[in-house]
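Everything on this sheet refers to the single structure shown next.
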Amino acid sequence: MASKEGEFRIECINNVHYVTHMFCKYPLKLLSVNTKLDFAILYILSYGGGLVSGDQVALKIHVGKDATLCIQTQGSTKVYKETRVGKITRQLMDVHIASNATCLLLQDPVQPFGSSNYMQIQNFTLEDSSSSLALLDWTLQGRSHMGERWSMKSYTSKNIIKSGLDDKSKFFVLLRDTLQLINEPGLHIGSKADRMNNFECVGSLYLVGPKFEATKKGILEYYKNVESRMGKTISLHEQPNAFWTACELRSVTIVKFASYSTEKAREFLLQLFKDFAPDIHREALRAFWY
């Protein structure tokens, strides 16, 4: 990691969570909340409620053995417009998940404003097959009330998930997934707004590890037997506001979704977790309330 704007470490001792290390500096702010729940909560904040052009944020998180950490934000991450050509706003996150530990990164969406230039890279390392991860990565079209429709200059989001062997000898890549939204005038395929087909929100949900085994199986079975069949039989005017697909790749279950409204996307995600992960506490799903 090139720079170090934040570090956070959580450990679980005798079923009690302890923050053993927390450090941050501008423009990053970290807030750990004491709860009576069986998991810890970390809020990732930014001064002024967003990232200005040229901000460089790097955060390193360690989830200790047997610990469960829920990472959230307090509202959408706003990305302001580029003030000078080539001045990219970057966020880097490096998360290590120890044996029998669980990380739930279920944060609010990124909201890149018009003419913004943004890149985020999120690396997750699962120590062994007993580590679990639920990762939600989603983005909005911009400020809808101001008529922005995917008018950012560039948006790139990269997610990398690695897992170690049970003997801790080495790590291998389970998944590399990148979403890049840029204008391609030379290809004559239309603007980003045209290509997004009036969708206001798009995103991905990744599930891996024994903690979510039943959830993964339920989602894949439902999509195979119900959802995909419905998509072929209902008429155009009956199409739902949230469209989604699901698959599994190297033990990672991937849910891709798109919605015509942010509210409908939140409803879809909340219902997905209610149906297939009822044991996850409502507080961990705060990003889906509105």
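The values are calculated or read from the model by the stated rules, or taken from the named source; none is laboratory data. Worth saying up front: this structure is predicted, and the values here are computed from it rather than measured. Because the Cβ atoms are built from the backbone with ideal geometry, glycine has one as well, and the counts that use them run over all protein chains shown. Just the protein is used for accessible areas: all its heavy atoms, side chains included, with ligands, DNA and RNA removed. Shrake-Rupley method; radii C 1.70, N 1.55, O 1.52, S 1.80 Å.
Brief remarks on what is shown
- Against the numbered list (1) more than 25 Å from VAL57 (Cα to Cα); (2) open to solvent by less than 20 Å² (accessible area, probe 1.4 Å); (3) out of contact with any helix residue (DSSP H, G or I) (no Cβ under 9 Å at 6 or more places or on another chain), ASN197 comes up short only at (2).
- Cross-chain or 6+ apart pairs with Cβ under 8 Å, region 257-285 first and aromatic (Phe, Trp, Tyr), then buried (at least 17 other Cβ atoms within 10 Å of the Cβ) and assigned to a loop (DSSP other than H, G, I, E, B): TYR260/PHE199; TYR260/GLU200; PHE273/ILE280
- Residues in region 147-158 that are surrounded by fewer than 19 Cβ atoms within 10 Å (Cβ to Cβ), assigned to a strand (DSSP E or B) and not small (Gly, Ala, Ser): THR156, LYS158.
- Residue count for region 199-245 under the criterion of being at pLDDT 90 or above, over 30 Å from GLY147 (Cα atoms) and outside any helix (DSSP H, G or I): the result is 4.
- So GLN111, is it under 27 Å from ALA40 (Cβ atoms) and in a strand (DSSP E or B): yes
- Restricting region 78-108 to residues that are part of a loop (DSSP other than H, G, I, E, B) and of a type in the set (A, V, I, L, M), the residue that is surrounded by the fewest Cβ atoms within 10 Å (Cβ to Cβ): VAL85
- Strands (runs of 3 or more DSSP E) (entirely within region 1-59) containing at least 1 residues that are over 21 Å from VAL79 (Cα atoms) and open to solvent by less than 30 Å² (accessible area, probe 1.4 Å): 6-13, 40-46
- Pairs are defined by a Cβ separation below 7 Å, a sequence spacing of at least 6 or placement on different chains, a first member in region 135-146 that is open to solvent by less than 10 Å² (accessible area, probe 1.4 Å), and a second member that is acidic (Asp, Glu); the pairs so defined are GLY142/GLU148.
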